[in-house]
Amino acid sequence: MWTSCTVKVHDCLASTSATLKRCLRLGVAMAKSKFEYVRDFEADDTCLPQCWVVVRLDGRNFHRFAEKHNFAKPNDSRALHLMNKCAQTVMEELEDIVIAYGQSDEYSFVFRRKSNWFKRRAR
């Protein structure tokens, strides 16, 4: 089973490891409010146990980001090094990631089959 989510890559480039851990922590509790009843209507989007979970991070406004930093087309070595270093940092911080794969302005991270990150929720 493959699961994906989209995150703004260039917004995460300047993130510290503490920010990264905070963004990717296990589950987020809904604030106590009069709208908490909405949880009762949420669809169960839990990924099947013992299946690989793949999280895809996709660039947002990458063309504008590339123009701002004068990246050469089609592959600027600075941009490739930056993306690879970001992926390496994510893999060092999240030990449940088995492999990462980059293509164009996106990276995919494959989590261990036994991983419980995000409580195995697809969203």
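Each value in this text was obtained by applying a stated rule to the coordinates, not by laboratory testing. Note that the structure is predicted; figures quoted are calculated from it, not measured.
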**Request:** Can you spot the aspartates and glutamates whose alpha carbon is less than 13 Å from Lys85's alpha carbon? Ignore those fewer than 8 places along the same chain.
**Result:** Glu93
**Message:** Test of understanding: what is the full-extension gain from His69 to Glu93, defined as 0.36 nm times their sequence separation minus their Cα-Cα distance?
**Reply:** 6.0 nm
**Item:** aspartates and glutamates with Cα under 16 Å of Lys68, excluding same-chain neighbours fewer than 8 positions away
**Value:** Asp11, Asp76, Asp105
